[in-house]
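> Please read through the structure below; I'll follow up with questions.
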Amino acid sequence: MIRTLSIVAAILAVAYAIQVYRGAHAPFASPSHDRLVPVASTAEVLNLIKQGKKVVFVDAREKQEWQEEHIPGAINVSLREVRQLDQRTLGDPDLVIAYCLKDFRGFEVAKALRQSGVNKALILAELGINGWKRQGLPTVVEGKRSEVEALAMLDECAHQKAKCQVKTP
Amino acid sequence: MSGEDTMSGQISAGLKLRAHPAAVQWFIIAALCLPGVTWLSTTGNIVDYWRYDVPPGQVMYVASKLAALYAFVVFWLQLIYGLLGHAGRTRLGIERGHSFHVKLGSLMIALVVLHAGLFVLGASVRTHKFASQYLTPSFASGYYRMVITLGIVAAVLVMFAAFFAGARRLWMRAWRFGHWAVIPAFALASVHSLLIGSESRIEPMTILYTGGIVIALLVIVWRLRSRSQPGSSGTLQMSPASALPHNAHR
C-alpha cells in the first residue's frame with residue numbers, strides 16, 4: 001500500500017514539475033496587470049462592438065447549456081476542446097470573452113486560450129452570463145429569442161446603452 | 001459452511017478471476033495517477049492562483065474538481081473491492097481485509113463532501129450569497145441543475161448505503177439490501193461526472209471512465225451470476241468479514 005501510494009505521489013510530483021516548467025516557458029502564458037486572466041466590463045465590450053471591432057464570445061459550458069441560453073453570437077467550446085483553438089482559428093479577433101454561468105469554467109477556458117496564444121482572451125468583470133443578464137443585456141433563449149433577434153438587440157444596446165441599463169464603469 | 005467457503009464456492013461456480021498481482025497493482029497506480037495528471041494538465045501551476053489575482057472562489061472550484069475526480073476513482077475502487085469479496089480479492093492479490101473496505105468508504109465519503117462543500121463554498125464566495133441552489137434537487141431548472149441533482153441523489157444514496165453498513169449490527173442480514181444502494185449511486189455519479197465534469201471527457205480520463213464502468217458492470221454481473229448458482233447462499237456478501245460474527249474481525 002505504501003509502495004503504491006509512493007509511486008503515485010512520485011508520478012504526480014513529476015507531472016506537477018512539468019506543468020510548472022511549461023507555465024514558465026510558455027511564450028503567451030504571462031499574465032498581465034497582476035491578474036492571471038484580465039477582465040473587461042460589459043460597457044467596454046459594448047464600446048468595442050459599437051466601434052465595429054471583432055468580439056468573439058466563447059461559451060465554456062456544455063452544449064446543452066449553450067442551447068438553452070447563450071450570449072448572442074457565442075461559440076460553444078468547453079475546457080476539453082479549447083486546445084483546438086488559437087488566434088487564427090478564432091478569425092483573428094480583437095477581443096475574446098470566455099464565459100459560463102459565473103465564470104468558474106469561463107476563467108479556466110480564458111486561461112487555456114491565453115496559453116494557446118490568444119492573448120486577447122478575457123473574462124467579463126461582471127462574471128459570466130449571469131452578470132451579463134444582470135446588466136440588462138440580451139441572450140439567445142431556446143424557443144423564446146432567436147440568434148438574429150438577440151444580435152439585433154445587442155447591436156442596439158451597443159449604440160444606445162441606456163436602452164439596456166448598462167452601467168458605465 | 002463458513003462465509004469464506006460459501007464465497008469460494010460462488011467464485012468457482014461463476015466467472016474465473018485471474019490476474020497477475022503486479023498487473024493489478026500497476027492498474028491501480030494508473031487509476032490513481034490519471035485524475036491528478038489530467039487535473040494538472042488543465043489547471044497548470046496551482047501556485048499561480050495565489051501568485052496572481054483570480055476571481056473569488058476560483059481556487060475552491062479547481063480544488064472541488066480535483067476532489068470530484070478522486071471521489072469517482074475511490075468510489076470505483078471501493079465498489080470493485082466490495083463486490084469481489086474475500087476470495088476474489090485474494091485471487092487478484094488485493095485483499096486488505098474488511099477494515100480497508102471501511103477506510104476506503106470513509107475516504108470516498110470525505111471526498112464527496114469535500115467536492116460538494118468546496119463547490120458550494122466557491123460559488124457562495126463568488127456570488128456573495130449562500131449558493132443553496134446547488135444543494136437543492138431540481139429536475140426542472142435546466143440542464144446544469146438537473147445534472148447537479150443527479151450528483152446530489154448519488155451522494156444521498158452513498159450516505160444511505162454507508163448508514164446501512166454502519167448499522168449492520170441492528171438489522172443483521174437486512175443491511176446488505178440497503179448497502180446495494182451503492183450500485184445506483186455509482187451509476188448516477190458516473191452520469192453526473194461524465195455530463196458535467198470538465199476533465200471527465202478529456203482523453204486519458206475517458207479511458208479511465210469507460211474502463212472503470214465496464215469493469216464495474218462485469219464485476220456486478222459476475223457477482224449476480226455467482227449468487228444465482230446452486231449452492232450459493234442467495235444473499236449479498238460484501239465481504240467475508242461481514243459473514244463472520246461481528247466481533248470476529250475486530
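The values are calculated or read from the model by the stated rules, or taken from the named source; none is laboratory data. The structure presented is a predicted model; accordingly, all values stated were derived computationally and were not measured. Methodologically, a virtual Cβ is constructed for each residue, glycine included, from the backbone with ideal geometry; neighbour enumeration extends over all protein chains shown.
> Could you say whether any residue in the stretch A:24-35 is closer than 26 Å to B:Tyr52 by Cβ, among the hydrophobic types (A, V, I, L, M, F, W, C), within 14 Å of chain B (Cβ to nearest Cβ) and in a helix (DSSP H, G or I)?
Yes: one or more hits.
> Take B:Ser106 and decide whether it is out of contact with any helix residue (DSSP H, G or I) (no Cβ under 7 Å at 6 or more places or on another chain) and more than 12 Å from every other protein chain (Cβ to nearest Cβ).
Yes.
> Given the options A:Gly136, A:Gly52, A:Gly91, A:Gly73, name the one that is touching a residue at least 60 places away in the same chain (Cβ under 8 Å), assigned to a loop (DSSP other than H, G, I, E, B) and away from every other protein chain (no Cβ under 13 Å).
None of the others qualify; the one that does is A:Gly73.
> Please go through the stretch B:17-41 and pick out each residue that is in contact with a Leu (Cβ under 6 Å, 6 or more places away or on another chain) and either in a helix (DSSP H, G or I) or at pLDDT 95 or above (or both).
Once the filter is applied, which keeps residues that are in contact with a Leu (Cβ under 6 Å, 6 or more places away or on another chain) and either in a helix (DSSP H, G or I) or at pLDDT 95 or above (or both), the stretch B:17-41 yields B:Val24, B:Leu34, B:Pro35, B:Gly36, B:Trp39.
> Criterion first (in a helix (DSSP H, G or I), touching a Leu at 6+ places or on another chain (Cβ under 7 Å) and farther than 28 Å from A:Lys111 by Cα) does B:Tyr70 satisfy it?
Spelling it out, it is not the case that B:Tyr70 is in a helix (DSSP H, G or I), touching a Leu at 6+ places or on another chain (Cβ under 7 Å) and farther than 28 Å from A:Lys111 by Cα.
> Any idea which of (1) in contact with a helix residue (DSSP H, G or I) (Cβ under 6 Å, 6 or more places away or on another chain); (2) more than 22 Å from B:Ser198 (Cα to Cα); (3) not in a helix (DSSP H, G or I) is the one B:Arg96 doesn't satisfy?
Just one mismatch for B:Arg96, condition (1).
> Then there is this: Taking interchain pairs and intrachain pairs at least six residues apart, which have beta carbon atoms under 9 angstrom, with the first residue in the stretch B:91-105 and at pLDDT below 85 and the second in a loop (DSSP other than H, G, I, E, B) and of a type in the set (D, E, K, R)?
B:Arg91/B:Lys16; B:Arg91/B:Arg18; B:Leu92/B:Arg18
> For residues that are of a type in the set (A, V, I, L, M, F, W, C) and buried (at least 20 other Cβ atoms within 10 Å of the Cβ), scanning just the stretch A:59-76, find the one that is nearest to the chain's Cα centre (by Cα).
Checking each candidate, the answer is A:Ala60.
> From the list B:Ala63, B:Ala30, B:Ala71, which residue is small (Gly, Ala, Ser), more than 11 Å from every other protein chain (Cβ to nearest Cβ) and under 18 Å from the mean Cα position of the chain (by Cα)?
From the options B:Ala63, B:Ala30, B:Ala71, the qualifying one is B:Ala71.
> Between B:Ala68, B:Ala131, which is among the small types (Gly, Ala, Ser) and over 26 Å from A:Ala9 (Cβ atoms)?
B:Ala131
> What about B:Phe139, is it touching a helix residue (DSSP H, G or I) at 6+ places or on another chain (Cβ under 7 Å), surrounded by fewer than 19 Cβ atoms within 10 Å (Cβ to Cβ) and part of a loop (DSSP other than H, G, I, E, B)?
Yes.
> Which condition number does A:Val39 fail, the rest of (1) at pLDDT 90 or above; (2) out of contact with any helix residue (DSSP H, G or I) (no Cβ under 8 Å at 6 or more places or on another chain); (3) facing chain B (nearest Cβ under 9 Å); (4) within 30 Å of B:Ala23 (Cβ to Cβ) being met?
Going through the list (1) at pLDDT 90 or above; (2) out of contact with any helix residue (DSSP H, G or I) (no Cβ under 8 Å at 6 or more places or on another chain); (3) facing chain B (nearest Cβ under 9 Å); (4) within 30 Å of B:Ala23 (Cβ to Cβ), A:Val39 breaks only (4).
> Now, a different point. Tally up the residues in the stretch A:60-70 that are without any contact (Cβ under 8 Å) to a residue 60 or more places away in the chain and either away from every other protein chain (no Cβ under 12 Å) or in contact with a strand residue (DSSP E or B) (Cβ under 7 Å, 6 or more places away or on another chain) (or both), please.
3
> Still on this structure, please answer the following. Looking only at the stretch A:94-115, count every residue that is within 12 Å of chain B (Cβ to nearest Cβ), part of a loop (DSSP other than H, G, I, E, B) and at negative phi and tell me the total.
Counting residues in the stretch A:94-115 that are within 12 Å of chain B (Cβ to nearest Cβ), part of a loop (DSSP other than H, G, I, E, B) and at negative phi gives 3.
> May I ask you to verify whether A:Leu154 is away from every other protein chain (no Cβ under 14 Å), surrounded by 18 or more Cβ atoms within 10 Å (Cβ to Cβ) and touching a residue at least 40 places away in the same chain (Cβ under 8 Å)?
Criteria met by A:Leu154.
> So which of A:Leu12, A:Leu79 ends up being out of contact with any strand residue (DSSP E or B) (no Cβ under 9 Å at 6 or more places or on another chain) and in a loop (DSSP other than H, G, I, E, B)?
It is A:Leu79.
> B:Leu69: surrounded by fewer than 23 Cβ atoms within 10 Å (Cβ to Cβ) and either out of contact with any Gly (no Cβ under 7 Å at 6 or more places or on another chain) or at pLDDT below 90 (or both), yes or no?
no
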